[in-house]
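The values are calculated or read from the model by the stated rules, or taken from the named source; none is laboratory data. Here the structure is a predicted model, which is why all the values come from computation and not from measurement. Note that each Cβ is placed from the backbone with ideal geometry, even for glycine, and that neighbours are counted across all protein chains shown. SASA here: full protein model, heavy atoms, side chains in, ligands and nucleic acids out. Shrake-Rupley method; radii C 1.70, N 1.55, O 1.52, S 1.80 Å.
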Amino acid sequence: MNWHQLIEERGYEMHQVVADVLRRDPAKLDRVVGWIEERLADPDYSIHSKDALQEWLDLIRERDLPGVLEKLADRSEDAFRMRHSSPFAVVMPQEESMRILRRYEALRPRAHPASV
C-alpha cells in the first residue's frame, strides 16, 4: 500500500469515529454547522476552503444527518475529496484522533511512496 492510500484509509477511519459520535449525539451536528458558518463569515478565510465548507453545509441542510452519515461511509472519490476538507474535527474526540494518527504514522516506514 502506498502512503497516499494509507492517508485515505486514515481519513476514512477517523470519519467512522465521527459518524459514531453523530449517531450517539445528533445535536453535535449543530456544532459543526456553527463552526462552518463562522468560517464562511470570516473574510480572511481561504475562498477555496470556503467552497469546500459550503459543500458540506449544503449537504447538511439538504439531507441532514442521514446525508452526512452516508457521505462519511462512502468510499467514492467524491466522498474522499469531501472528507479531505472535513469540518468534523470539532466533534472528533482528541484521544481517538491521536490513537489513529499514531497507528498510521507507525505504518509510514513500510508504505511505498505515492508514485510507486
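Check every one of the helices (runs of 4 or more DSSP H) wholly within segment 19-116 and list those with 3 or more residues that are open to solvent by 80 Å² or more (accessible area, probe 1.4 Å), of a type outside the set (D, E, K, R) and touching a residue at least 12 places away in the same chain (Cβ under 8 Å).
On the way: elements: 28-41, 47-73, 77-84, 94-107.
Correct list: empty, since no element meets the threshold.
Going through Glu13, Glu37 one at a time, which residue ends up being among the acidic types (Asp, Glu), more than 30 Å from Arg108 (Cβ to Cβ) and modelled with pLDDT of 95 or more?
On the way: Glu13 fails: more than 30 Å from Arg108 (Cβ to Cβ).
Only one candidate qualifies: Glu37.
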